[in-house]
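First the structure, in the form of structure tokens, and then the observations on it.
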Amino acid sequence: MTGNSTESLDTITLAADLIKKSHSTVSLTGAGISTPSGIPDFRSPQSGLWTKYEPMEVASLTAFRHHPEQFYHWLHPLALRILAAKPNPAHLALARLQLAGYLSVIITQNIDGLHTQAGSTDVLEVHGTLDSLTCTNCYRQYPATEYLEHYLQYREIPYCKECGSILKPDVILYDEQLPVRTWLKAEAACKHCDLILVIGTSLEVMPSARLPVQALEHGAQLVIVNNGETFLDVRADALIHADVAEVLPMIADEVLNA
Ligand SMILES: [Zn+2]
């Protein structure tokens with residue numbers, strides 16, 4: 001933890017008090033909550049996923065349509081990590097808070113499904129999910145596990161059983177529109193909450209970074225737990241620059257008197 005530890009513990013207590021007093025808390029989570037589960041932030045040049053391709057050049061819908069094999073080649077190491085990943089103490093802490101009625105909705109920028117695996121419900125995956133695949137021609141949807149495991153093992157790109165066209169993972173690519181219904185639910189949740197927890201995101205990816213701004217504009221309070229700085233740090237009622245897997249269980253314990 002940064003700063004002196006007494007100050008950090010005070011901030012944890014403050015964050016817990018805000019959660020206890022809130023009538024409607026939502027959370028926005030990003031790549032930082034899944035890095036302790038071994039999933040690299042694919043937008044980060046340090047992730048190791050930039051060595052051959054730049055994600056924006058290969059992980060766009062246009063690129064997928066023209067060179068699906070290149071996209072799948074790029075996805076391979078990320079998919080390997082995601083399929084092997086387990087929820088970490090930060091995911092579990094949010095699930096505990098949600099189960100106890102202290103957290104309504106989790107809006108996540110992650111595609112790894114770890115919130116759901118941790119036992120959370122009402123998870124809005126605004127960047128889509130790697131849990132399913134959709135045919136690029138007839139739009140039939142398939143559960144991903146079997147196809148992705150086959151792909152990871154044999155490196156054969158998945159095709160639709162109905163029409164033979166290429167299947168695309170239901171992750172939102174760079175030039176692809178966000179899932180409209182999910183996005184509208186996320187906006188509505190932010191406009192109606194009185195507290196938003198921003199967890200493990202540096203708020204650099206638009207338009208998700210606008211969600212806490214909408215919450216603030218509607219009078220919500222703001223808790224930020226993130227390793228690095230964000231542009232909303234100055235607006236935070238409780239600001240903790242630390243490892244989310246270390247701090248979130250402490251906040252949950254304090255709220256739940258565990
Ligand atoms: Zn098809």
Worksheet item: Helix 144-154: angle to the longest alpha-carbon principal axis of the chain, degrees 0 to 90, nearest 10?
Response: 60
Worksheet entry | Within straight-line cross-link reach of residue 20, lysines at Cα separation under 24 Å, skipping those fewer than 8 residues along the same chain | 185, 191
Worksheet entry | Kirkwood Rh and Cα Rg combined as Rg/Rh, the chain | 0.99
Worksheet item: Three principal axis extents, largest first, for the C-alpha atoms of the stretch 59-144, in Å?
Response: 47, 26, 20
Discussion item. Using only the Cα atoms of the stretch 144-258, what semi-axes does the equivalent ellipsoid have when each is the square root of 5 times a gyration tensor eigenvalue? Give whole Å, largest first.
Written reply: 36, 20, 14
Practice prompt. Could you work out the Rg to Rh ratio of the stretch 116-172, with Rh taken as the Kirkwood radius (inverse of the mean 1/r over all Cα pairs)?
Written response: 1.03
Worksheet item: Can you give the % of DSSP beta bridges in the chain that are antiparallel, to the nearest 5?
Response: 30
Discussion item. For the chain, take the longest principal axis of its alpha carbons; what is the angle in degrees between that and the long axis of helix 180-192, to the nearest 10 within 0 to 90?
Written reply: 0
Discussion item. With angles folded into 0 to 90 degrees, how steeply does helix 5-21 sit against the dominant principal axis of the chain? Use alpha carbons for both and round to 10.
Written reply: 80
Worksheet, complete the sentence: Here the percent of antiparallel bridges among DSSP beta bridges lying wholly in the stretch 107-235, to the nearest 5, is 55
Discussion item. Calculate log10 I(q)/I(0) of the stretch 167-230 for q = 0.21 Å⁻¹, where I(q) comes from the Debye formula with a single equal point scatterer on each Cα and nothing for solvent.
Written reply: -0.92
Discussion item. Under 19 Å between alpha carbons, and skipping anything fewer than 8 positions from residue 21 in its own chain: which aspartates and glutamates qualify?
Written reply: 10, 194, 237, 253, 254
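The numbers here are math on the coordinates, done by the rules we state, and not lab data. Because the structure is a prediction, the values reported are computed rather than measured.
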